[in-house]
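One structure is given here, and the rest of the page talks about it.
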Amino acid sequence: MRTFAVVVELGRRSVRQTFRRPQLMAPLLIIPTLLLAVQSAGAGRAVDLPGFPPVESFFDFLLAGAMVQAALLAGNSGGIAMAIDIEMGFTDRLLAAPIPRFAIVAGRLAGTAAVGAVIAVWFLAIGVVFGATIEEGVLGALVMIVLVMLAALAFGTLGAALALRTGSASVVQGTFPLVFVILFLSTAFFPDDLLLEPAQTIAQVNPLSFVVTAVRDPVISEWSMGELAAGLAATLLIGAVGLWLCSAALKRRLRMG
């Protein structure tokens, strides 16, 4: 129970830290929201292309992509915040405290997951205001929130691993452009049938495509357990790899002092 209390308190601190620093919070909401607005307005006729899946509007199709993009940025921001803690010496004080080492990382990830839930609610509210139709109703919206929260948690493990490995906020922040590379090489903004090679092949095996498809499914169609299971499996895979990297980076940092 004491360890759980430590994780909860560190998670709360992580959330407060994110909301108090505009450079951490603003990109999570402003950039994906603006990109959603620009793409849906400027390329709305894309739904008329042969092979485009049946949707009410391009906005409906892009909504899930914007949510997962924000979840990716949340993971990156969590890594930046953790690197700042390392640079300031706060992490060293935690390492010297009588608490389990994994609680330090778990607290940061708990905060990232909470931010992911806020992000999901934000974009669902935008979707409802601007006419997006969630085919599966309230239950579908709840599933989307859970999926985005888990995605933010999974992406947060990668950000935390990089922060522990480098201890530099600037290095973690330097990976920011990779978010867009990974996104555009997935089905976040266009179906894979309309992508050119080699982007099409990459998108078909990109784990992010499965996550986006699972989040999008309640918006544009009826339930598909296969899509949901694939999205959850991809999220777990990303999280497992990230946790392994976190463990290795933390052991290295402890060994090096």
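The values are calculated or read from the model by the stated rules, or taken from the named source; none is laboratory data. What you are looking at is a predicted structure, and each value in this text was computed from that prediction instead of being measured. Cβ sites come from the backbone with ideal geometry, for glycine too, and all protein chains shown count toward neighbours.
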For region 21-30, check the following and say yes or no: at least one residue is of a type in the set (A, V, I, L, M), without any contact (Cβ under 8 Å) to a residue 12 or more places away in the chain and surrounded by 15 or more Cβ atoms within 10 Å (Cβ to Cβ).
no
So how many residues does region 198-226 have that are among the aliphatic types (A, V, I, L, M), over 22 Å from PRO54 (Cβ atoms) and surrounded by fewer than 18 Cβ atoms within 10 Å (Cβ to Cβ)?
3
Which condition from (1) touching a residue at least 40 places away in the same chain (Cβ under 8 Å); (2) out of contact with any Ser or Thr (no Cβ under 6 Å at 6 or more places or on another chain); (3) hydrophobic (A, V, I, L, M, F, W, C) is the one that VAL129 breaks?
(1)
In the list GLY127, GLY116, GLY131, GLY159, which residue meets the criterion of being in contact with a Gly (Cβ under 9 Å, 6 or more places away or on another chain), under 30 Å from TRP223 (Cα atoms) and either of a type outside the set (A, V, I, L, M, F, W, C) or at pLDDT below 90 (or both)?
GLY116
Just checking: which of the helices (runs of 4 or more DSSP H) contained wholly in region 19-119 hold 2 or more residues that are more than 24 Å from the chain's Cα centre (by Cα) and among the hydrophobic types (A, V, I, L, M, F, W, C)?
90-96
Filtering region 47-85 down to residues that are within 17 Å of PHE130 (Cβ to Cβ) and of a type in the set (Gly, Ala, Ser) yields SER57, ALA64, GLY65, ALA66, ALA70
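Do you know which residues across region 183-197 are of a type in the set (A, V, I, L, M, F, W, C) and either surrounded by 17 or more Cβ atoms within 10 Å (Cβ to Cβ) or outside any helix (DSSP H, G or I) (or both)? Show your work before the answer.
At the first step, the residues of region 183-197 found to be of a type in the set (A, V, I, L, M, F, W, C) are 183-185, 188-190, 194-196.
LEU183, LEU185, ALA188, PHE189, PHE190, LEU195, LEU196 - these are the residues of region 183-197 that are of a type in the set (A, V, I, L, M, F, W, C) and either surrounded by 17 or more Cβ atoms within 10 Å (Cβ to Cβ) or outside any helix (DSSP H, G or I) (or both).
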Which ones in region 186-198 are over 15 Å from MET67 (Cα atoms) and in contact with a Ser or Thr (Cβ under 9 Å, 6 or more places away or on another chain)?
ASP192, LEU195
